[in-house]
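Enquirer: Have a look at this one before I ask anything.
The values are calculated or read from the model by the stated rules, or taken from the named source; none is laboratory data. As the structure is a prediction and not an experimental result, all values here were calculated from the model. Backbone-built Cβ (ideal geometry, glycine too); neighbour counts: all protein chains shown. We work out accessible area using only protein heavy atoms, side chains counted, and drop any ligands, DNA or RNA first. Shrake-Rupley method; radii C 1.70, N 1.55, O 1.52, S 1.80 Å.
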Amino acid sequence: MKFIIGIGGVTNGGKTTLTNRLLKTLPNCCVVHQDDFFKKPDQIQVGEDGFRQWDVISALDMEAMVNTVKGWQENPVKFARSHGVSLSPEAEESDSEQRGIHILIIEGFLIYNYKPLIDVYDKCFYISIPYEECKRRRSTRTYTVPDPLGLFDGHVWPMYLKHRKEMDNNCSRIEYLDGTTTKEDIYNAVYESVQNSLLNNL
């Protein structure tokens with residue numbers, strides 16, 4: 001059985017923390033990080049707001065991301081091996097019938113804003129945090145390309161609000177998570193929801 005989980009959320013909401021925890025506890029679990037598909041800085045356009053447009057879908061090579069997901073769908077065992085994921089003995093021994101459960105987590109800030117991806121999810125989660133908390137967390141992070149002065153208010157947050165509205169219209173199956181609660185609470189809620197879905201699908 002193949003099962004795909006979407007972990008979306010606002011910047012610095014706790015997506016990667018949650019994903020890393022799930023990777024350790026869910027069986028035969030692989031991940032595709034949307035951040036791995038950012039285009040090179042010189043390919044990122046400067047918008048009307050005066051900032052390089054990092055927080056828009058065109059900043060990402062979404063076609064390559066979709067192809068990566070398709071690679072997992074076609075052969076999760078091969079995908080797991082090529083990504084250094086250890087599989088359960090049952091999954092390792094599976095032949096073309098692909099016995100056992102194989103899970104893929106797709107993690108990122110715009111994973112519900114690209115139509116070719118929306119239909120692949122079996123489970124959709126989204127972590128949100130309020131403006132002040134998001135700004136505070138963002139200010140403590142160090143990025144490869146540092147945030148220029150005013151980026152958060154001038155580009156990051158306005159783009160988040162725009163994409164959030166778009167996402168709400170695109171996908172009605174999203175389970176929203178409060179990113180201000182503890183990491184443990186968020187993990188437990190997601191783990192329990194995933195387990196229930198897996199049991200229902202068996």
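Enquirer: Using mean Cβ contacts within 10 Å as the protection proxy, how do 131-138, 70-77 order, highest first?
Expert: The densest-packed peptide leads the list: 70-77, 131-138.
Enquirer: Would you compute, from DSSP H runs of 4+ residues alone, the mean residue ellipticity of the chain at 222 nm, taking -39500 (n - 2.57) per run and dividing by the full residue count, rounded to the nearest 500? Mind dumping the intermediate values first?
Expert: Values: 8 runs with 83 residues, N = 202.
Per the formula, -12000 deg cm²/dmol.
Enquirer: Could you state how much accessible area L26 has, in square angstrom rounded to the nearest 10, with a 1.4 Å probe and all protein chains kept in place?
Expert: My reading of the accessible area for L26 is about 10 Å².
Enquirer: Something else about it: So what's the angle, to the nearest 10 degrees on a 0 to 90 scale, between helix 183-201 and the longest Cα principal axis of the chain?
Expert: Helix 183-201 sits at roughly 40 degrees to that axis.
Enquirer: A further question on this structure: Please compute the net charge surrounding L198, taking Lys and Arg as +1 and Asp and Glu as -1 over other residues with Cβ under 13 Å from its Cβ. Kindly include the intermediate steps, with their values, before the conclusion.
Expert: Working: positive: K2, K123; negative: D122, E192.
Around L198, the surrounding residues sum to 0.
Enquirer: Sticking with this one: Once label points are set 7 Å from the Cα along Cα→Cβ at both N170 and V66, what is their separation, rounded to one decimal in nm?
Expert: Each label point lies 7 Å from its Cα, and together they span 1.1 nm.
Enquirer: Suppose R0 equals 30 Å; then what is the FRET efficiency for S58 and D185 from their Cβ-Cβ distance, rounded to the nearest 0.05?
Expert: With R0 = 30 Å, the Cβ-Cβ based efficiency is 0.30.
Enquirer: Let me ask something else about it. Given R₀ = 45 Å, FRET efficiency for S193-E48 by Cβ-Cβ distance, to 0.05?
Expert: 0.65
Enquirer: For a quick protection proxy, order the peptides 120-129, 157-166 by their average other-Cβ count within 10 Å, most packed first.
Expert: By packing density, highest mean first, the sequence is 120-129, 157-166.
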